[in-house]
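K.L.:
After the structure tokens below, expect a handful of questions from me.
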Amino acid sequence: MRHLMSPMDFTVEELDALMDRAEDIKNHPENYNHACEGKTLATCFYEPSTRTRLSFEAAMINLGGDVLGFASADSSSAAKGESVSDTIRVISSYADICAMRHPKEGAPLVASSRSKIPVINAGDGGHQHPTQTLTDLFTIRSLRGTLDGLTIGLCGDLKFGRTVHSLINALVRYNNIKFILISPPELRVPSYIREDVLCKNNIPFEEVKSLEDAMPSLDILYMTRVQRERFFNEEDYLRMKDFYILDKEKMELAKKDMMVLHPLPRVNEISVEVDDDPRAMYFTQAQYGVYIRMALILTLLEAAKEDKDA
Amino acid sequence: MLNISGIHEGYVLDHIKAGMSLQIYHDLKIDELDHCTTAIIMNAKSNKMGYKDIIKVECPIDSLDLDILGFIDHNITVNIIKGDAIVEKRSLHLPKEVKNVIKCKNPRCITSIEQELDQIFVLTDPEEEVYRCKYCEEKYR
């Protein structure tokens, strides 16, 4: 049974095929209106999430399928003490595919090992969030035409931000990628990303503090939010939260075809005045997240059917 | 000088780091083997190590999981005894996976709340001898 736990579960070739399909969905959505008729997606969200859950549900509805599920642990049998393994065994008999978010790291992997249907990791604690990475890759490829030869600036909380770690892991498989890691010293990428991923793969990178200095050389600027819940004391959070604010002035330093991405939600790290800049692509990115999830649901359901028929 | 007789069939685990034998006794679950005479020798003098521990177990061959031993310390010498003689000196390797030997210490890991799950660690970097939790990828060593 094929599942999606990490963006690295797909080879570069498989990712290309998935993104080709998402591109076709984007250009010809009408061809996919009935692609999942009679199929049901279960969204098992043990912690609240607006964007990811609705994005999955929109994807399945756009494919003509149905959706069932729960939006928090309180409204599920987890509140009564049921294990993830038991829950997925039951869900397997109600739905054809499952998207699971859980605050505990590895929970979707446990579910996948007991499941009779494909399981998609929709975020497990600070560990993985593969469909966000697929969204990021697809947005870049679709808007730039390639994932090769790019200088990518990652800005903000690079220490705790799982989207940043996953994106670096996924992008190092492409050619001539260069990273500029922009963060305060306290929020630099963890050593395993620096040593095990960047250094080991001979990927050029710089660690800098100034966003202004980095702006002129960037093809992509990936902004992230400093997350309050990652800090043990409020004082540190308050000191870090406004460290970077992308505004019109800084955008003037950037290339004309640079792209600003953000996994959203945004707080104040991107000033609303930037929203009208044609290079601000974060809302488009959210839209593209639906296309890539549609392609993913289709691909995993097809793989499950092949398994069943074999 | 302490004198312990030889064994007819079983294992002699030599060159164990001094003080580690009791942990190895438990990790190998030797206490769960039926009617197996076991000798644990602690702090024996060793030219190579200064002091070492030795475990002698009288038991059918292949009743011990040597993968676990490879994970604990792959420098341990494993002598396999049959008919009162050493028939094989087995070298140890780092196992690809260890199950229920160590526990994940990450409080955010699913194993912290679902106690019935096997504690599985996977060898992710043989050169650096790095093991990571199968579920949350937390590094063990």
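K.L.:
Can you pull out every residue in segment A:185-212 that is farther than 11 Å from A:Gly153 by Cα and of a type in the set (Asp, Glu)?
P.N.:
A:Glu186, A:Glu195, A:Asp196, A:Glu212
K.L.:
In segment A:47-69, how many residues are in a helix (DSSP H, G or I) and under 17 Å from the mean Cα position of the chain (by Cα)?
P.N.:
Residues flagged as in a helix (DSSP H, G or I) and under 17 Å from the mean Cα position of the chain (by Cα) within segment A:47-69 amount to 9.
K.L.:
Same structure again: Spot the failing condition for A:Thr151; the list is (1) touching a Ser or Thr at 6+ places or on another chain (Cβ under 8 Å); (2) among the β-branched types (Val, Ile, Thr); (3) within 30 Å of A:Glu306 (Cα to Cα), and only one is missed.
P.N.:
Failing condition for A:Thr151: (3).
K.L.:
Among what's in segment B:106-126 and is in contact with a strand residue (DSSP E or B) (Cβ under 9 Å, 6 or more places away or on another chain), modelled with pLDDT of 95 or more and in a loop (DSSP other than H, G, I, E, B), pick the residue that is most open to solvent (accessible area, probe 1.4 Å).
P.N.:
Within segment B:106-126, the match that is most open to solvent (accessible area, probe 1.4 Å) is B:Asp118.
K.L.:
Quick one: in segment A:111-150, which of the residues that are in a helix (DSSP H, G or I) and either among the charged types (D, E, K, R) or within 14 Å of another protein chain (Cβ to nearest Cβ) (or both) is most open to solvent (accessible area, probe 1.4 Å)?
P.N.:
Out of the qualifying residues, it is A:Arg114.
K.L.:
Can I ask one more? Go through segment A:221-265 and give me each residue that's of a type in the set (S, T, N, Q) and open to solvent by 60 Å² or more (accessible area, probe 1.4 Å).
P.N.:
Answer for segment A:221-265, where residues must be of a type in the set (S, T, N, Q) and open to solvent by 60 Å² or more (accessible area, probe 1.4 Å): just A:Asn233.
For every residue, the table says whether it meets (1) closer than 21 Å to A:Asp148 by Cβ; (2) free of Cβ contacts under 8 Å to residues at least 40 places away in the same chain.
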site	(1), (2)
A:Arg194	no, yes
A:Leu211	no, no
A:Ser217	yes, no
A:Ile220	yes, no
A:Tyr237	no, yes
A:Lys250	no, yes
A:His262	no, no
A:Arg266	no, no
A:Gly289	no, no
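K.L.:
With the structure loaded, tell me whether A:Met215 is modelled with pLDDT of 95 or more, hydrophobic (A, V, I, L, M, F, W, C), surrounded by fewer than 21 Cβ atoms within 10 Å (Cβ to Cβ) and in the same structural domain as A:Thr146 (by TED's automatic domain parsing) or whether it fails that test.
P.N.:
Here the answer is no, as A:Met215 does not meet what is asked.
K.L.:
Quick check on B:Asp67: is it open to solvent by less than 80 Å² (accessible area, probe 1.4 Å) and charged (D, E, K, R)?
P.N.:
No.
K.L.:
Counting just the residues of segment A:70-110 that are among the charged types (D, E, K, R) and under 19 Å from the mean Cα position of the chain (by Cα), which one comes out farthest from the other protein chains (Cβ to nearest Cβ)?
P.N.:
A:Arg101
K.L.:
Right, next: Do you know which residues across segment A:19-46 are surrounded by fewer than 16 Cβ atoms within 10 Å (Cβ to Cβ) and assigned to a loop (DSSP other than H, G, I, E, B)?
P.N.:
A:His28, A:Asn33, A:His34, A:Glu37, A:Gly38
The values are calculated or read from the model by the stated rules, or taken from the named source; none is laboratory data. Note that the structure is predicted; figures quoted are calculated from it, not measured. Cβ sites come from the backbone with ideal geometry, for glycine too, and all protein chains shown count toward neighbours. Side chains included, ligands, DNA and RNA excluded: accessible areas come from the protein's heavy atoms. Shrake-Rupley method; radii C 1.70, N 1.55, O 1.52, S 1.80 Å.
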